[in-house]
Every structure is written in structure tokens, then in C-alpha cells.
Amino acid sequence: DAKTTQPPSMDCAEGRAANLPCNHSTISGNEYVYWYRQIHSQGPQYIIHGLKNNETNEMASLIITEDRKSSTLILPHATLRDTAVYYCIVRPNNNDMRFGAGTRLTVKP
Amino acid sequence: ETGVTQTPRHLVMGMTNKKSLKCEQHLGHNAMYWYKQSAKKPLELMFVYNFKEQTENNSVPSRFSPECPNSSHLFLHLHTLQPEDSALYLCASSQGQGNTNTEAFFGQGTRLTVV
């Protein structure tokens, strides 16, 4: 039970912004939204996380809706190396992170 | 380099063998995790240790036996495995249970093949 819903796959043109959506309609008030990505057969890589406010770091931006029932990960200028499976995770108080199927993002030249 | 190191990176073992996977972190974290990722499947949480105590066992068969001697080291002992246990085994660490505002870091995994 991953508590999140993501599209199975998306394409994005190189140099354009990649917007990856995630639905988490059952999220509780104190649960954070985390995003990770996994490049083929490597360990998942942390991208960003947030609670209520939008967040930005050197990798991406995270936009969380006001009702917190959905969020969007934005990669502002996608490159071919951003091709990966992206996981949206709602992290409960017990700290355990459970992964869903994620979104396979393919960045095309 | 995430600060979480797993060894070996690749392992081939027979069904009657006994082997161990090792995970080490020097990030000062108190929670450590084992995940299994079979081909084309999502990561499955296997075990969670918090301050060296096991807090989660997701109905994992007894042929997988975890050990956490201290907060920096985590082992997964393997014996009499089946071919369907072939997978990528990932270790992760994070701040202790209850600290949900800090990210977890993953190792690069051990690719296990059971023949």
C-alpha cells in the first residue's frame, strides 16, 4: 500500500521541463511527500521532499497543492541523464518508506 | 556516493550455499533498512532496524535473516535460497524512527543470482 498514484510512464523532450504528477489523496497532516528516482539497476536517489510549502533545490522543484492531495515534481531543464523511474512517496510517522511502481520518465533528444 | 556502502556488488550462489550481504553507513543514522527489488517490480521493504532493534518484518521468509550489531552496520544472512530470490537487494539508512523530515540514503545494492 504505497498511498500514492502516479502515471506509469511519461516522455519529455530534452531541454524542456518535465512535470511529474502524483496523487496522494489519503495523506495525513504530518506526513511528508518525498521524491526519489532510480536510474537502471542503481540505488534510489533522493531528489526533494516537502510538507505543505513548495520546495526547490538544485535538482528540482516540488509543488504541493493547498489541500495536499497531490503534488508535482518539476525538472526544469530535462537532460538525457534524467531518464529514470521517479517515485513519489508519502512517509508515515513510523519512518518506513514504501515504494510504488513510480513513473518511468524517458527524456528524448 | 551516498555514504551507504553495500558489499558485495554482485553475488552468485547455489541453493545450498550460505552467504551474507553487508551494509555500512557512516552518516550517523539510527535507522537501517533492507529492500528487495525483483525484475521489473517496485522495491519491497523487507526489514527495518531502529536503534539496532528490529521494528519491521514484512512477512519475509526465514531463509533471510537480518542482523544489526550496531547502528552503522546491517547484514542480511542468506541460506537455502530459491531461484526466485534472485533480485537486487538494497540497503538504506535514515535518522531514527519518527524523524520524517530527513531523507533516507540508499546504497548501490547487491545483485544476487541464485542458481
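Run the paramagnetic zone check for A:Thr56: 7 angstrom along Cα to Cβ, then residues of the range A:77-93 with backbone nitrogen under 20 Å.
A:77-79
Run the accessible area of chain A with a 1.4 Å probe and give the carbon-and-sulfur part as a rounded percent.
On the way: 2580 of 5370 Å².
The C+S portion of the solvent-accessible surface of chain A is 48 percent.
Ignoring ligands, DNA and RNA, what percent of the 1.4 Å accessible area of chain B is carbon and sulfur? Mind dumping the intermediate values first?
Details: 2600 of 5340 Å².
So the carbon and sulfur contribution to the accessible surface is 49 percent.
Filter the chymotrypsin sites (Phe, Trp or Tyr not before Pro) in the range B:1-91 to those in DSSP coil with at most 15 other Cβ atoms within 10 Å of their Cβ, and list the result.
On the way: sites: B:Tyr33, B:Trp34, B:Tyr35, B:Phe47, B:Tyr49, B:Phe51, B:Phe64, B:Phe75, B:Tyr89; in loops: B:Phe51.
Within the range B:1-91, the qualifying chymotrypsin sites (Phe, Trp or Tyr not before Pro) (loop, at most 15 other Cβ atoms within 10 Å) are B:Phe51.
Expressed as a whole number of Å, what is the distance separating the alpha-carbon centroids of the range B:6-75 and the range A:1-40?
26 Å
Treating the Cα atoms of chain B as identical point scatterers in vacuum, please give the log10 of the normalised Debye intensity I(q)/I(0) at q = 0.09, 0.20, 0.22, 0.23 Å⁻¹, two decimals.
Debye curve over Cα of chain B, log10 I(q)/I(0) at q = 0.09, 0.20, 0.22, 0.23 Å⁻¹: -0.21, -1.05, -1.26, -1.36.
With the other protein chains left in place, how much accessible area per residue, in square angstrom, belongs to the protein assembly as shown at a 1.4 angstrom probe?
Values: 10710 Å² over 224 residues.
I get 48 Å² per residue for the protein assembly as shown.
What FRET efficiency, computed as 1/(1 + (r/R0)^6) with R0 = 45 Å and r the Cβ-Cβ distance, is obtained for A:Arg16 and B:Thr16, rounded to the nearest 0.05?
Numbers: r = 53 Å, r/R0 = 1.18.
The pair A:Arg16/B:Thr16 has a calculated efficiency of 0.25.
The protein assembly as shown: D in µm²/s via Stokes-Einstein (Kirkwood Rh, Cα pairs, 4 °C, 1.567 mPa s)? Please report the intermediate quantities before stating the final value.
Working: Rh = 18.0 Å.
Estimated via Stokes-Einstein, D reaches 72 µm²/s.
Can you list the cysteines of chain B that have no other Cys Cβ under 4.7 Å away?
Among the cysteines of chain B, those whose Cβ sits 4.7 Å or more from every other are B:Cys68.
Shape verdict for the range A:36-97, please, from the Cα gyration tensor: rounded (a/c under 1.5), prolate (a/b greater than b/c) or oblate. Walk me through the numbers on the way to the answer.
Numbers: a/c = 2.35, a/b = 1.27, b/c = 1.86.
Oblate.
Who wins for biggest fluctuation among B:Ser86, B:Ser65, B:Ser94 in a Gaussian network model of chain B, springs between alpha carbons below 10 Å?
Answer for the Gaussian network model of chain B: B:Ser65.
Return the Rg/Rh value of the range B:49-103, two decimal places, where both radii are evaluated on C-alpha atoms and Rh is the Kirkwood radius. Before the final figure, lay out the partial values.
Details: Rg = 13.0 Å, Rh = 13.0 Å.
Rg/Rh: 1.00.
Along each principal axis of its Cα atoms, how long is chain A end to end? Whole angstroms, biggest number first, please.
40, 28, 22 Å, listed from the longest principal axis down.
Just to confirm a number: summing +1 for Lys and Arg and -1 for Asp and Glu over residues other than B:His79 whose beta-carbon lies under 9 angstrom from that of B:His79, what do you get? Present the calculation step by step, with values, prior to reporting the outcome.
Working: positive: B:Lys18, B:Lys19, B:Arg63; negative: none.
Taking every other residue near B:His79 into account, the sum is +3.
The values are calculated or read from the model by the stated rules, or taken from the named source; none is laboratory data. If you're wondering where the values come from, they're calculated on a predicted model, not measured in any experiment. Here Cβ is always computed from backbone atoms with ideal geometry, including for glycine, and neighbour counts include all displayed protein chains. Note: areas computed on protein heavy atoms with side chains; ligands, DNA, RNA excluded. Shrake-Rupley method; radii C 1.70, N 1.55, O 1.52, S 1.80 Å.
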